[in-house]
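Read the structure below first, then the notes.
No lab work stands behind these numbers, since they all come straight from the coordinates. Treat the numbers as computed from the prediction; the structure is a model and nothing was measured. Backbone-built Cβ (ideal geometry, glycine too); neighbour counts: all protein chains shown.
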Amino acid sequence: MDNRSNGVHFEGRLEDGVMSYYAEAVDAQGMAIRRHMQFFKLDDNHVRQTSEQSSDGGKTWGPQYDFTYIRKK
């Protein structure tokens, strides 16, 4: 589910320690976009999640967000 309660179906795989997912979605203006989300294990207590979007079918990409998760002790 996205922040507007729309279902988003991601497909992807784990390769070289990176979980990489792609999805077709719709932005807030109703335009079709392609999303690319990745998860990187930084160490035992930190994971980085990035997300990019493309409005031209994946020819060019722009950042959506870049998060770092920290394990709660």
Determine, from the Cβ-Cβ distance of residue 65 and residue 32 and an R0 of 25 Å, the FRET efficiency 1/(1 + (r/R0)^6), rounded to the nearest 0.05. 0.80
For the chain, just list the percent of Cα-Cα distances falling in each 10 Å bin from zero outward, please. 18, 46, 28, 7, 0
Please build a GNM for the chain, connecting alpha carbons under 10 Å apart, and tell me which residue among 57, 12, 30 fluctuates the most. 30
